[in-house]
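Below is one structure, written out as structure tokens, with a few remarks after it.
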Amino acid sequence: MTVISPTEPTYVVRPVPDVDRARLRAAVDAAEPGPLLMAMVHMTGDASLLSEFRARLDAERGGGPGVPGRYPDTVAADVRARAFALFEGGMTPRLTVPDDDLFLRMAEVCVDDSVGEEFAAHLREMCGFEPDRRQVPVTKAPPDGFRVIVIGAGMVGLNAGVKLAEAGFEYLIFEERDDIGGTWSRNVYPGAAVDTPSHFYSYSFELNPDWSMYYPTGPEYLEYMRHVVDKYGLRPNIAFGTKVLRCEWIETSCRWRVTVRSADGAVRVHEANAVVTATGMLNAPSTPDIEGIGSFAGTVMHTAEWDPAVDLTGKRVVMLGTGCTAVQVAASLAGRVAELHVVCRQPHWMVPEPMVDKAVPEGARWAMSHIPYYQQWFRVKTYWYAGDKGWDKPRIDPGWDADRPSVSAANDVVLRACLDYLERTFPDRPDIRAALTPDFPPYAKRIVKDPGFLAALARDDVSLHRASFRRIEPNGVVTTEGEFIEADAIVFATGFKLEFLSFMDVIGRDGRKLADEWSGQDPRAHLGITVPGFPNLFVTAGPNSAPNHGGGHNSVSEGHVHYLIECLRYLVENSRSAMEPRRDVTDEYNRRVDASLDRTVWRHGGTANGYYRNEAGRAWISCPWRLVDYWAMLRAPDPADHLFFDATATTTPK
């Protein structure tokens with residue numbers, strides 16, 4: 001009685017002929033009514049359900065806005081009752097993937113909001129209804145020996161492996177560590193978790209109906225990635241323990257020469273027609289250079305280099321940081337350690353998220369697995385309220401005038417919600433509220449979803465210090481406020497150094513070095529992916545490609561992989577060897593990026609700290625576009641925007 005085949009992508013939906021009534025009852029009771037109603041439309045093919053429930057939703061509210069995405073109780077109860085009656089006889093969809101017009105009508109009723117027509121194809125693909133649509137016509141197979149090297153076996157590298165194999169390209173993934181997973185194999189600190197909803201933070205072609213939490217823990221997400229590796233047969237194409245040292249473009253053969261240090265210590269050279277970097281931008285831990293750090297007699301750990309063998313139970317712990325990682329560590333350690341001292345250099349805006357530590361009920365998981373199209377529509381709703389609905393919040397309204405650091409009405413809604421959360425949690429502690437109130441607008445630094453950090457601070461054995469470290473002594477820390485804190489262990493939750501490929505040599509045409517092209521912390525790329533002078537080099541998670549207004553890295557990375565496959569397909573179809581973006585096109589694209597970002601808090605956020613801006617104050621991380629608009633830009637390369645090259649000599653692939 002399974003819908004999802006273990007060997008097929010999850011957009012291949014199968015009927016369920018026999019239904020366990022008890023499990024179905026529990027499933028519809030736990031299901032979200034909007035996605036459940038859409039599953040009914042798929043089952044019956046009856047679009048009149050949309051008109052009926054649209055009218056009922058409007059009538060129940062009496063014209064008021066209601067709670068975004070939440071069906072009134074009476075409407076939700078009717079959806080569940082009718083769904084149970086419909087599904088108990090078996091579930092064979094009459095409607096598979098609707099056309100764009102019907103899909104948009106369904107989406108609007110599902111999320112109870114207006115959905116622009118530009119979202120139709122985007123949501124169909126990103127929410128697992130269909131595979132990504134190829135734009136370049138496919139009439140030829142890649143030639144023998146056409147190889148792609150992928151650097152990194154994290155989320156993007158694995159995605160690239162799946163899609164390269166699907167398109168018929170030979171590929172090899174080099175992974176420096178001994179396991180797949182990227183950040184999720186590196187970050188094993190207590191409480192490590194994803195701060196994007198589980199049912200969105202996964203590949204669109206491989207939805208996971210079995211998430212145990214609404215926000216996945218790091219270990220569970222790593223298990224999901226291992227499942228993908230095994231299901232799609234990626235492991236034979238991954239070389240573990242292999243560090244890439246140098247990539248050099250050979251102009252005569254139009255191939256990359258990639259030098260690596262293998263697990264056995266040997267240095268080897270490989271050649272490939274294209275290179276995909278999937279190393280992310282946050283790689284090396286950023287540990288402050290504090291006077292006396294070498295003198296400390298206890299344990300010192302950075303969260304990205306956590307030693308699970310170290311037991312902090314009963315210890316006095318001092319932690320520096322209050323960002324996304326720090327709050328997870330603090331919430332996990334509170335109550336286990338004798339004392340926890342949180343030293344806060346600069347606070348973040350923190351929002352309550354009631355689902356961040358909530359388990360997914362068994363009935364809801366059964367619905368995801370067994371009710372055709374339910375999990376796709378659940379992903380639509382999750383995506384909708386976690387994605388482009390937040391696009392306006394970082395944008396500055398020049399006419400906005402307030403006595404607080406918000407920059408627009410939408411931005412102020414977030415600020416007031418955060419302040420209200422602090423007030424409700426610490427009504428009698430103005431000192432803590434003041435220490436945790438930023439002096440910059442929401443979104444200027446990353447918004448933190450509270451996993452229990454404020455509750456931890458309310459404990460008697462947890463203290464907050466608005467300061468930094470001045471020096472470290474053998475038995476503790478002296479803060480910049482002159483306070484001495486005794487400690488048995490020091491934890492640095494201070495993030496990562498931001499590195500756009502600065503840790504390897506990349507040599508392009510005419511001997512140009514990527515490090516020189518991107519010097520002065522000012523990397524630029526066309527569409528955040530390709531660079532003039534570096535043919536067939538595809539930089540995923542490149543400059544100005546991060547969706548910092550909402551969504552998740554997974555959605556953007558799928559767009560990057562789709563684009564690079566389209567580029568490679570174009571080369572094959574047109575019998576060309578290599579391509580790179582024109583310099584003038586790249587410069588014009590980046591002018592538009594800067595102009596758009598200049599109207600956001602990422603450029604004028606009132607804070608010099610954080611990694612969203614470089615040393616010159618330029619916003620170099622954030623993507624200025626909506627997710628849907630950036631996705632549309634990445635459908636296929638425009639040949640007019642590129643230079644093309646052909647090999648004048650051949651080499652034997654290695």
Practice task
In debye, nearest 20, what is the charge dipole magnitude of segment 128-223 about its Cα centre with +1 on Lys and Arg Cβ and -1 on Asp and Glu Cβ, if you could check?
Solution key: 380
Problem - Integer Hz, Karplus 6.51/-1.76/1.60 couplings in order for segment 97-102, x for Gly and Pro - result: 9, x, 5, 4, 5, 5
Exercise for the section: List the equivalent ellipsoid semi-axes of segment 406-477 in whole Å, largest first, each obtained as the square root of 5λ for an eigenvalue λ of the Cα gyration tensor. Expected result: 27, 16, 11
Completion exercise
A convex hull over the alpha carbons of segment 549-654 yields, per residue, a volume in Å³ of 163
Problem - Within segment 242-324: Cβ-based charge dipole about Cα centre, in debye rounded to nearest 20 (Lys, Arg +1; Asp, Glu -1) - result: 180
Exercise for the section: Express the Stokes-Einstein translational diffusion coefficient of segment 101-210 in µm² s⁻¹, to the nearest whole number, given a Kirkwood radius over alpha-carbon pairs, 25 °C and a viscosity of 0.890 mPa s. Expected result: 144
Handout entry: Pairwise label distance in nanometres, V188 with D522, each label 7 Å out on the Cα-Cβ vector
Key = 4.2
Practice task
Write down Rg/Rh for segment 238-298, rounded to two decimals, with Rg from the C-alpha atoms and Rh from the Kirkwood relation over Cα pairs.
Solution key: 1.21
Fill in the blank from the handout: Computed for the chain: size of charge dipole around the Cα centre, +1 on C-beta of each Lys and Arg, -1 on C-beta of each Asp and Glu, debye to nearest 20, value 540
Problem - Extreme residue, positive dipole direction of the chain, given options P637, W602, G528 (C-beta unit charges) - result: P637
Fill in the blank from the handout: Rounded to two decimals, the Rg over Rh value of the chain from Cα coordinates and the Kirkwood Rh reads 0.97
Fill in the blank from the handout: Cα gyration tensor of segment 308-449 diagonalised, 5x eigenvalues square-rooted, in angstrom largest first, produces semi-axes 29, 28, 12
Fill in the blank from the handout: One would report the antiparallel percent of DSSP beta bridges in the chain, rounded to the nearest 5, as 45
Problem - Calculated Rg and Dmax of segment 387-529 using C-alpha coordinates, Å - result: 21.2, 66
Completion exercise
Quick calc of log₁₀ I(q)/I(0), segment 55-117, Debye, one scatterer on every Cα, no solvent, q values 0.11, 0.21 1/Å, result -0.34, -1.02
Practice task
Name the long-range amide H neighbours of V356: under 5 Å, sequence gap of 5 or more, or other chain; modelled H, no Pro or chain starts.
Solution key: none
Practice task
Take every Cα-Cα distance within segment 157-238, group them into 5 Å bins from 0 onward, and report for each bin the whole-number percent of pairs it holds.
Solution key: 3, 14, 25, 23, 18, 12, 4, 1, 0
Problem - Relative intensity, log₁₀ I(q)/I(0), of segment 266-362 from a Debye sum that treats every alpha carbon as a point, q = 0.13, 0.17, 0.24 Å⁻¹ - result: -0.70, -0.97, -1.54
Problem - Hull shadow area, averaged, segment 1-135 [alpha-carbon convex hull, nm²] - result: 8.9
Problem - Amide H partners (placed H, <5 Å) of H302, local residues excluded - result: F492
Problem - If the convex hull is drawn through the Cα atoms of segment 309-386, its volume per residue in Å³ - result: 143
Completion exercise
Cα-based Rg/(2.2 N^0.38 Å) for segment 510-572, rounded to two decimals, is 1.22
Handout entry: Theoretical ellipticity at 222 nm over the chain - DSSP helices of four or more residues, -39500 (n - 2.57) apiece, nearest 500
Key = -9500 deg cm²/dmol
Fill in the blank from the handout: Along the dipole axis of the chain (charges at Cβ: +1 for Lys and Arg, -1 for Asp and Glu; origin at the Cα centre), the most positive-end residue among T74, A647, G552 is A647
Handout entry: Extension gain, R268 back to L419 (0.36 nm per residue minus Cα-Cα distance, nm)
Key = 48.8 nm
Completion exercise
Sorting Y214, W184, G128 by the position of each Cα along the dipole of segment 111-250 (Lys, Arg +1; Asp, Glu -1; all at Cβ), the one nearest the positive end of that ordering is W184
Problem - For segment 278-334, the spread of Cα positions along each principal axis, largest first, Å - result: 39, 28, 23
Handout entry: Karplus (6.51, -1.76, 1.60) ³J(HN,Hα), θ = phi - 60°, over segment 548-561, in Hz, Gly and Pro reported as x
Key = 6, 7, x, x, x, 4, 4, 5, 5, 5, 5, x, 5, 5
Handout entry: Alpha-carbon Rg/Rh ratio, for segment 479-589, with Rh computed the Kirkwood way
Key = 1.16
Handout entry: Hull volume in cubic angstrom per residue (convex hull over the Cα atoms of segment 178-332)
Key = 185
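Quick note: the coordinates plus some simple rules give every number you see, no bench work behind them. Everything numeric here is computed off the predicted structure, so don't read it as measured data. Glycine gets a Cβ as well: all are built from the backbone with ideal geometry, and neighbour counts include every protein chain shown.
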